[in-house]
1. Which Cα, out of His143, Phe126, Val100, lies furthest along the positive dipole direction of the chain (beta carbon charges, K/R +1, D/E -1)?
2. Enumerate the calculated ³J(HN,Hα) couplings along region 35-42 in order (Karplus 6.51 cos²θ - 1.76 cosθ + 1.60, θ = phi - 60°), each rounded to whole Hz, writing x wherever the residue is Gly or Pro.
3. I want the local charge near Arg81. Using Cβ-Cβ distances under 12 Å, sum +1 for each Lys or Arg and -1 for each Asp or Glu among the other residues.
4. Determine, from the Cβ-Cβ distance of Val145 and Leu35 and an R0 of 22 Å, the FRET efficiency 1/(1 + (r/R0)^6), rounded to the nearest 0.05.
5. Any idea how far apart Gln2 and Phe27 come out in nm if each label point goes 7 Å out from Cα toward Cβ?
6. In whole angstrom, note down how far apart the Cα centers of region 1-77 and region 79-98 are.
7. Charges only on Cβ, +1 for Lys and Arg, -1 for Asp and Glu: so what's the dipole of the chain about the Cα centre, in debye to the nearest 20?
8. Mind checking which of Leu148, Leu87, Leu71 has the largest fluctuation in a GNM of the chain, springs on alpha carbons under 10 Å?
Amino acid sequence: MQRQSRVREMLYGALLTGMAILIPIAFRGWLQVYLPPFSATIGSHVPSMLAMAISPWTAVLVGVGSGLGFLITLDAVIAARALTHALFGAAGAYLIRRGVPLWQAILITLPIHALSEALVVMPFGFDLYTSLVVVGVGTALHHCVDGLITTALSGALDKAGVPLRLQPRTVTR
């Protein structure tokens, strides 16, 4: 049974990574706002957020795929921001592993996501206002929108009999 679970985790990880790469390519121009260094592609956080329900390893893999997808379509600054999806995804996966529901993990990781994306643009020469307000607040709003999409999609997948939660639920007190 353990081997079957590992294979399912790898399969979901590969599918979500493929989605993380394809979303910026497929949605470029029509579901995307691009005001450098800020960009928002609707749905681009969904694979990372779904991966949180699977495992930390899967969340990191999908975050790296997201970075690759944005490197292909936009620029290095946006790709660096997308790589931070691995960070908030892993944090959310650890929360879920401890028994936190997906929707709560999405809310708890919002400041990690917004702050990490704001900080990662600073070495590229952007000022404090642009980094914290434009990128940070913009990312927080985008995180909320994609969090709602993820929560709805997760519920639909659950009703369809597709289990995302592959990791054992362990609560430590």
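Derivation of every value follows stated rules applied to the coordinates shown; laboratory data play no part. On a predicted model such as this, the values are computed, not experimentally measured, just so you know. We place every Cβ from the backbone using ideal geometry, glycine too, and count neighbours over all the protein chains shown.
1. Sorting the options by dipole projection puts first Val100.
2. 10, x, x, 8, 8, 9, 10, 4
3. So the environment of Arg81 carries a net charge of -2.
4. Working: r = 16 Å, r/R0 = 0.75.
Efficiency, rounded to the nearest 0.05: 0.85.
5. The answer from the label model is 3.8 nm.
6. If we compute the Cα centre of each part, the gap is 11 Å.
7. Charge dipole, the chain, about its Cα centre: 760 debye, nearest 20.
8. In the Gaussian network model the winner is Leu148.
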